[in-house]
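Undergrad: Attaching a single structure in structure tokens format; questions to follow.
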Number of protein chains: 2
Amino acid sequence: MTRPDLLTALTAPRAIAVIGASADPDKLSGRPVAGLLEAGYEGRIVCVNPARDEVQGLPCHPTLAAAGGPIDLAVLTVPASRVMAALHECAEAGVALAVVFASGFAEAGEADLQDELARLAESSGMRILGPNCIGAMALKNGVVASFSRALHGLEPVIGPVALVSQSGAFGACVLSAAQQAGIGVHSFVNTGNEADLTVAEAMTALAEDPEVGALLVYTEGVSDGPELLRAARRARELDKPVVAIKVGRTAEGALAVASHTGALTGSDAVYDAAFEAAGVVRVDGMADLVDAARILTVGKRAAGDRLTVLSMSGGVGILMTDLAGELGLRQAEWDAEWQRRMAAVIPSYGSAANPVDMTAQLNTEPEILACALDIACAHPGTDVIAVFIGVLAGDATELVDALARVETDKPIVVAWTGGDGTPLRRLTERGVPAYDDANRALRALGMLVRHAGGSATPAPTEPDPARTAAAMKVITRARDAGHKQLDEAQSKELLRAYGIPCTPERPATTPGDAVTAAAEIGFPVAVKLLSADVAHKSDLGGVSLGLTGETAVRDAATEIMNLARDAGIGDVRLLVQRMAAPGVELIAGARVDPVFGPVVMTGLGGVFVEVLQDTALTLAPAEPGRVREILRSLRGSALLHGVRGRPAADEEAIVDIVVRLSELAADLAGELAEIDINPIIAGETGALVVDALVVLQ
Amino acid sequence: MTRPDLLTALTAPRAIAVIGASADPDKLSGRPVAGLLEAGYEGRIVCVNPARDEVQGLPCHPTLAAAGGPIDLAVLTVPASRVMAALHECAEAGVALAVVFASGFAEAGEADLQDELARLAESSGMRILGPNCIGAMALKNGVVASFSRALHGLEPVIGPVALVSQSGAFGACVLSAAQQAGIGVHSFVNTGNEADLTVAEAMTALAEDPEVGALLVYTEGVSDGPELLRAARRARELDKPVVAIKVGRTAEGALAVASHTGALTGSDAVYDAAFEAAGVVRVDGMADLVDAARILTVGKRAAGDRLTVLSMSGGVGILMTDLAGELGLRQAEWDAEWQRRMAAVIPSYGSAANPVDMTAQLNTEPEILACALDIACAHPGTDVIAVFIGVLAGDATELVDALARVETDKPIVVAWTGGDGTPLRRLTERGVPAYDDANRALRALGMLVRHAGGSATPAPTEPDPARTAAAMKVITRARDAGHKQLDEAQSKELLRAYGIPCTPERPATTPGDAVTAAAEIGFPVAVKLLSADVAHKSDLGGVSLGLTGETAVRDAATEIMNLARDAGIGDVRLLVQRMAAPGVELIAGARVDPVFGPVVMTGLGGVFVEVLQDTALTLAPAEPGRVREILRSLRGSALLHGVRGRPAADEEAIVDIVVRLSELAADLAGELAEIDINPIIAGETGALVVDALVVLQ
């Protein structure tokens, strides 16, 4: 018997078994059958309970085997102690997806029991959802594999939104809020403890359903970062927006996650980078998810970020203009000719400049709105439109009509404050994304623009075997010498293997050697302690900068070697290097994130990193475009362009170093623990690595 | 005949005249009478219209005089051309407050006509609201001096919220939204063009009404900053929170304000400082105003900022913990003993640490909530409590009861997502601030905490006449010499008059003088060009630093004098000053804001100001506590405490300089245009002004 795939088992199972089914529709164990009956599921409902012949009007079987197949989806309502036996029964019966409600697994310290579930899923090919979850639903076919009451007593609104949540209560609240708001839902999956199926895998499956138009995701932290990236990239290929909440953004929140799920969330900054790389729109609140769904499922996409505001209140127009800038929306520019056209349709005491003030005259002359909308839709400098209406009496049919009838590819969002909510409901029914507050409307529009502006990083290209081999040679040599940390010379050799420019330098073993080296390199030079035993040579006084002659070099070399020997250091050598020309100081680094793998970081040096922690990161390998973005996201980025008489820096040379570093980190992720480059000095032309430290895994 | 005061005229007028009253209740000119009848106004409604004998069932008079008095409030529905005549009639009839709807004044370029209104108000003592406004309402007594339909057809919810809005449409939308949300409103005043009555004056009047509990304010920028501060400080004295929106926060928004009202909004950063100084809670969205009103009018005040979250979803608990940090709420600490107490009342698989996860078990055991609330209320480390509930079926009566019945002085805010909204309505009816979204609930709680944590700066104390006289002597000398700008020596003399420590220094007129001065002061010294003609001496090469001997001083002095003479500068002198010991560099400054008067600014020097514009300001004079706050608000403030081996700075010495500067700016606001101090150098003990420039008005 071949099992259907996960998506089919979830959305169109031929039969659903409820193991431990109860006759009481209010009990947890009775709710799945009650839910299936209420939802009008048309497949076969198989009740399994050795204690009963009948459950809620349906025949009940003593075992799954006795019921006969095929059964695609099984819901286990039994307690933890009986879960494994029931799962074995399911696997033997050819079940494709088993949903386990029971708690009492990893969340209660019973990790071993949870591992048994995982192993069974692995060995049998049957997928398991949960344990410790409220289950899953697929609304169109009335699939209710859940004890949630989120839809109880409601006429479900079926639509394109797939909701995947690690938390049951969180997901159920969003589901309920979305349905109350009239937003059509395709499915809801709660992954709970994720013994087998993860949020990312559920996303992967649902993204492929042609009836899914957008994915809303809640997670407290994923274990399978690459799968999440794949799912999100695939969704983006299919133009299905992914909007995600990942809690534990702050130190306090991350601690709360640890106490809630017992798991570390990973670095929140890496999640930001990963979501950015995969084109996921990250939001922070439950209402944001629902608000996002409202606009993202309409199907229109933003061609750009240039916003025109049409408001019936000048004040709200300004308020929206203020907010737009913070959301990354640009104010569309209206030239004199276009302002003239707008002025022709609005009252003379309004404002034809963006934000357009249509004035409260809309109350008595609703046709103003249709005219203003036509002009804004025609205006070539406008990508997206936000309309504010505050109608306070009357049913406003003409305004609703104007908004619902306008024919344009440009996304239009409506904020309608005041009144009794009727226009909002009518607009929703007619497919116009409408909100009760200007800020909510604009935030939703911002998400649409972020989705359109986002892009999935292309899949990494194959590494260049020659440079990887050259880098590996450096690493092997260090490992052979018993070192887990490369000294400065080796660290730079590794960087040079990837074409990263470093200061010219020579190692030396005596002060005399150092003088010779300095003469070869050319003055001014720096003399530094070189030792496999020392990570922070400055702290030891092991760095002497700006030496301009032979005597200075000899004296500095002698002093450094004496200091090091006095400190009891065994491996005492010197590195003589050419002083870099003055310029802007930056830092860069790479490490391997436990969830998402190699990441690369950069920032400005000095007070920017020491006082402000002004750094930005992205996944490795990184494209030049992405590196340019993170550089520009630095608070001090203006420094690169030469502020107040300071020299500018060669941005492309910096980008090149960070891109190459990211490739190195990606190619050798299995070998490296950490790379720290501090500083890079960037002049008006070119940039050089001045110091670097590589730590192996 | 004595006129009643403004508040009485607005909230309890003995008679209301409608001038230009129309028989058609749908016309603008007919709506006030219709509104008064609908609202059940019990005073006398006086219709004035020479064209009619009767209006909407009431007798109509040809003139106001013919109607007889006393008439406290008059509503003018007549067009701009007839406003002045009608206002004169009102003034003669002893009207206390006249409301002018008509547009066609300053907003239409008719500033002169508007000035006539202002002059009449001034000369007659009659207050005028508008023109170009939708009027005012006072709900309890059915006073409708407005053509707004915001309350049309609704049973008004009367309560403690006074709403004052410069914009009519904005205010009407908030009024409608608040009423729909079940929030009780006391009054609504729309000031429009503000020929006479301003937002600030309306606030002042309403704050005194014992039935007003909170003020919601919208403005695009005020002309009378001091009045706004007085009103807000008075409201704070009376413990009436003021929550305000001031649009034009961004450059784009400020431009839109200019095009909307023709007025400049003033510096938005100064508004922030003024609101902070007066204890006003500033918000950015319409919904924030309504959300604020919901919690602020309950009457409970936060004793501190320590938050405990009780959630029935672990995930939402974490989400709220993340957000709390951003809102300035601290996570309350629960020690082992208190966690044990909490653990005794929640399920074992929940979390007894803050955020408390009460689990979805609340669905079947609602009594958990009452128990958890009791413990959180008793917990001494908790100031405020946020409860999240996502109940998805059932009427949840027990949960609502638990929330409504709990007896505590601690503010409790509820977020209730999902379900059909019935519990939210019940909670609102029972005085529990409840929201449909966790983030909204927490933002509202944040406003309550900001209100409690805010404080009004005490009224400025009297200036010290001796130091003011000393400072004036410096200014008079400069003015007598025909200078609008003090040279560095004079600038520092002015600062020293206020006890601000500056580097020891001597003026000199020749290189020989300079050498003598240097020897007196002690090396190392700086030699600077001193000239009334030059503001930026560095640009001319007029500064030579770190001179350690007589020859160096003589050479530097000669070179600077030559450079200056070559540049054609007439007034060429020198200033020899002791080099300040190295330390943290800061800047400080003062200027006179056109709206709020003298302000003082400070920031860190170098890249912090040049690249990051990392400065903060407050109103002058400023208390040490306020100056400490703005210093700590700097992004680079960690630098003051010595980051990564950098030396710390004497924070109190810096605070002392800025406080004294603020006192100087306040005492001499009429004389000064600008003071720039750059740099202050702060060591581990003490801080010194190294350079300063004062520009007179």
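Undergrad: When residues of the range B:593-603 are filtered for being surrounded by 20 or more Cβ atoms within 10 Å (Cβ to Cβ) and closer than 16 Å to B:L661 by Cβ, how many remain?
TA: The number of residues fulfilling the criteria is 7.
Undergrad: Taking the stated definitions as given, is A:A352 touching a Phe, Trp or Tyr at 6+ places or on another chain (Cβ under 8 Å), within 12 Å of another protein chain (Cβ to nearest Cβ) and either among the small types (G, A, S) or open to solvent by 40 Å² or more (accessible area, probe 1.4 Å) (or both)? Step through it out loud before you land on a result.
TA: On the way: touching a Phe, Trp or Tyr at 6+ places or on another chain (Cβ under 8 Å): yes; within 12 Å of another protein chain (Cβ to nearest Cβ): yes; either among the small types (G, A, S) or open to solvent by 40 Å² or more (accessible area, probe 1.4 Å) (or both): yes.
Yes; evaluated as a whole, the condition is true for this residue.
Undergrad: Quick check on A:A324: is it in a helix (DSSP H, G or I), in contact (Cβ under 8 Å) with a residue 60 or more places away in the chain, assigned by TED's automatic domain parsing to the domain that holds A:A231 and open to solvent by less than 20 Å² (accessible area, probe 1.4 Å)? Steps first, please.
TA: On the way: in a helix (DSSP H, G or I): yes; in contact (Cβ under 8 Å) with a residue 60 or more places away in the chain: yes; assigned by TED's automatic domain parsing to the domain that holds A:A231: no; open to solvent by less than 20 Å² (accessible area, probe 1.4 Å): yes.
So A:A324 does not fit the description; no.
Undergrad: Quick one: A:T308 ticks every box in (1) touching a Pro at 6+ places or on another chain (Cβ under 9 Å); (2) assigned to a loop (DSSP other than H, G, I, E, B) bar one, so which box is it?
TA: Exception for A:T308: condition (2).
Undergrad: Here are B:L139, B:L151, B:L120, B:L129: which of them is farther than 22 Å from B:F275 by Cβ and within 12 Å of chain A (Cβ to nearest Cβ)?
TA: B:L151
Undergrad: Take the conditions touching a residue at least 12 places away in the same chain (Cβ under 8 Å), within 30 Å of A:P226 (Cβ to Cβ), among the polar types (S, T, N, Q) and surrounded by 19 or more Cβ atoms within 10 Å (Cβ to Cβ) and apply them to A:S491. Does it pass?
TA: In short, yes.
Undergrad: For B:D383, indicate whether it is more than 10 Å from chain A (Cβ to nearest Cβ) and open to solvent by 40 Å² or more (accessible area, probe 1.4 Å).
TA: No, not satisfied.
Undergrad: Go through (1) free of Cβ contacts under 8 Å to residues at least 24 places away in the same chain; (2) crowded, with 22+ Cβ neighbours inside 10 Å for A:L255 and report which single condition fails.
TA: (2)
Undergrad: Moving to a separate point now. Given the criteria buried (at least 22 other Cβ atoms within 10 Å of the Cβ) and modelled with pLDDT under 95, does B:G390 qualify?
TA: Numbers: buried (at least 22 other Cβ atoms within 10 Å of the Cβ): yes; modelled with pLDDT under 95: yes.
Yes, satisfied.
Undergrad: Within the range B:409-416, identify whether any single residue is open to solvent by 30 Å² or more (accessible area, probe 1.4 Å), more than 10 Å from chain A (Cβ to nearest Cβ) and either in contact (Cβ under 8 Å) with a residue 40 or more places away in the chain or under 32 Å from the mean Cα position of the chain (by Cα) (or both), and answer yes or no. Spell out the reasoning first.
TA: Of the range B:409-416, the ones open to solvent by 30 Å² or more (accessible area, probe 1.4 Å) are B:409-410.
Remaining after also requiring more than 10 Å from chain A (Cβ to nearest Cβ): B:409-410.
Still in the running and either in contact (Cβ under 8 Å) with a residue 40 or more places away in the chain or under 32 Å from the mean Cα position of the chain (by Cα) (or both): B:409-410.
Yes, because at least one residue in the range B:409-416 is open to solvent by 30 Å² or more (accessible area, probe 1.4 Å), more than 10 Å from chain A (Cβ to nearest Cβ) and either in contact (Cβ under 8 Å) with a residue 40 or more places away in the chain or under 32 Å from the mean Cα position of the chain (by Cα) (or both).
Undergrad: Right, something else. Of all residues in the range B:607-644 being facing another protein chain (nearest Cβ under 9 Å) and either open to solvent by 70 Å² or more (accessible area, probe 1.4 Å) or of a type in the set (A, V, I, L, M) (or both), which is nearest to B:F275 (Cα to Cα)?
TA: B:R635
Undergrad: Restricting attention to the range B:569-576, does a residue exist that is basic (K, R) and either free of Cβ contacts under 8 Å to residues at least 24 places away in the same chain or within 27 Å of A:R646 (Cα to Cα) (or both)?
TA: No: the range B:569-576 contains no residue that is basic (K, R) and either free of Cβ contacts under 8 Å to residues at least 24 places away in the same chain or within 27 Å of A:R646 (Cα to Cα) (or both).
Per-residue answers, yes or no, for (1) within 24 Å of A:A195 (Cβ to Cβ); (2) of a type in the set (V, I, T); (3) modelled with pLDDT of 95 or more:
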residue	(1), (2), (3)
A:L10	yes, no, yes
A:I45	no, yes, yes
A:G68	no, no, no
A:A86	yes, no, yes
A:E89	yes, no, yes
A:A106	yes, no, no
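Undergrad: Going through the range B:168-182 one residue at a time, which ones are farther than 16 Å from A:T422 by Cβ and open to solvent by less than 10 Å² (accessible area, probe 1.4 Å)?
TA: Within the range B:168-182, B:F170, B:G171, B:A172, B:V174, B:L175, B:A178 meet the criteria.
Undergrad: Another one. May I ask you to list pairs of residues, at least six apart or on different chains, whose Cβ atoms are under 7 Å apart, with the first in the range B:122-145 being farther than 20 Å from B:P79 by Cβ and open to solvent by 10 Å² or more (accessible area, probe 1.4 Å) and the second being in a loop (DSSP other than H, G, I, E, B) and of a type in the set (K, R)?
TA: Pairs that qualify, where the first residue is farther than 20 Å from B:P79 by Cβ and open to solvent by 10 Å² or more (accessible area, probe 1.4 Å) and the partner is in a loop (DSSP other than H, G, I, E, B) and of a type in the set (K, R), are B:G125/B:R3.
Undergrad: Go through (1) under 20 Å from A:T558 (Cβ atoms); (2) surrounded by 21 or more Cβ atoms within 10 Å (Cβ to Cβ); (3) not acidic (D, E) one by one and return the number of the condition A:I521 breaks.
TA: Exception for A:I521: condition (2).
Undergrad: A further question on this structure: Being open to solvent by 10 Å² or more (accessible area, probe 1.4 Å) and touching a Pro at 6+ places or on another chain (Cβ under 9 Å) is the requirement here; does B:T2 meet it? Can you show your working first?
TA: Details: open to solvent by 10 Å² or more (accessible area, probe 1.4 Å): yes; touching a Pro at 6+ places or on another chain (Cβ under 9 Å): no.
So B:T2 does not fit the description; no.
Undergrad: Another question, if that's okay. Just for the range B:633-667: of the residues that are in contact with a Ser or Thr (Cβ under 7 Å, 6 or more places away or on another chain) and within 19 Å of B:G589 (Cβ to Cβ), which one is modelled with the lowest pLDDT?
TA: Per the stated criteria, the residue is B:D667.
Undergrad: Could you list, in sequence order, all residues of the range B:242-262 that are touching a Gly at 6+ places or on another chain (Cβ under 8 Å) and modelled with pLDDT of 90 or more?
TA: Those that are touching a Gly at 6+ places or on another chain (Cβ under 8 Å) and modelled with pLDDT of 90 or more: B:V242, B:I245, B:K246, B:V247.
Undergrad: A further question follows. Find the helices (runs of 4 or more DSSP H) located wholly in the range B:216-301 whose residues include 3 or more that are more than 13 Å from chain A (Cβ to nearest Cβ), and list them. Spell out how you get there, then give the answer.
TA: Values: elements: B:225-237, B:251-261, B:268-278, B:286-296.
Because the criterion is at least 3 residues that are more than 13 Å from chain A (Cβ to nearest Cβ), the helices (runs of 4 or more DSSP H) in the range B:216-301 that meet it are B:225-237, B:268-278, B:286-296.
Undergrad: Mind listing just one residue for me: the one in the range B:654-670 that is open to solvent by 10 Å² or more (accessible area, probe 1.4 Å) and touching a strand residue (DSSP E or B) at 6+ places or on another chain (Cβ under 6 Å) and, of those, nearest to B:A535 (Cα to Cα)?
TA: Across the range B:654-670, the extreme among qualifying residues is B:A669.
Undergrad: Determine, yes or no, whether B:G431 is open to solvent by less than 60 Å² (accessible area, probe 1.4 Å) and within 14 Å of chain A (Cβ to nearest Cβ).
TA: Considered against the rule, which asks whether it is open to solvent by less than 60 Å² (accessible area, probe 1.4 Å) and within 14 Å of chain A (Cβ to nearest Cβ), B:G431 comes out as no.
Undergrad: What residue, of A:S165, A:S187, is more than 9 Å from chain B (Cβ to nearest Cβ), touching a strand residue (DSSP E or B) at 6+ places or on another chain (Cβ under 6 Å), among the hydroxyl-bearing types (S, T, Y) and open to solvent by less than 10 Å² (accessible area, probe 1.4 Å)?
TA: A:S187
Undergrad: Then there is this: Given the conditions (1) more than 14 Å from chain A (Cβ to nearest Cβ); (2) within 30 Å of A:N132 (Cβ to Cβ); (3) of a type in the set (A, V, I, L, M, F, W, C), and given that B:A360 satisfies all but one, which numbered condition is not satisfied?
TA: If we test B:A360 against (1) more than 14 Å from chain A (Cβ to nearest Cβ); (2) within 30 Å of A:N132 (Cβ to Cβ); (3) of a type in the set (A, V, I, L, M, F, W, C), just (1) comes out false.
Undergrad: Any idea how many residues of the range A:199-215 are without any contact (Cβ under 8 Å) to a residue 40 or more places away in the chain and either open to solvent by 10 Å² or more (accessible area, probe 1.4 Å) or within 14 Å of another protein chain (Cβ to nearest Cβ) (or both)?
TA: So the answer is 3.
Undergrad: Exactly one condition in (1) modelled with pLDDT under 95; (2) among the polar types (S, T, N, Q); (3) more than 22 Å from the chain's Cα centre (by Cα) is not met by B:S167; state its number.
TA: Here B:S167 meets the rest and fails (3).
Undergrad: Residues B:L289, B:L362: which one is within 30 Å of A:G418 (Cβ to Cβ) and either touching a residue at least 40 places away in the same chain (Cβ under 8 Å) or in the same structural domain as B:Q180 (by TED's automatic domain parsing) (or both)?
TA: B:L289
Undergrad: Ok, one more. Give me the pairs, please: first residue somewhere in the range B:673-697 and at positive phi, second residue anywhere and open to solvent by less than 30 Å² (accessible area, probe 1.4 Å), beta-carbon distance under 6 Å, and either six or more positions apart or on two chains.
TA: B:G686/B:A653
The values are calculated or read from the model by the stated rules, or taken from the named source; none is laboratory data. Quantities reported herein were computed from a predicted structural model and do not represent experimental measurements. As a convention, Cβ positions derive from the backbone with ideal geometry for all residues, glycine included, and neighbour counts pool all protein chains shown. Ligands, DNA and RNA are stripped out before the accessible areas are found, and what is left, the full protein with its side chains, is counted by its heavy atoms. Shrake-Rupley method; radii C 1.70, N 1.55, O 1.52, S 1.80 Å.
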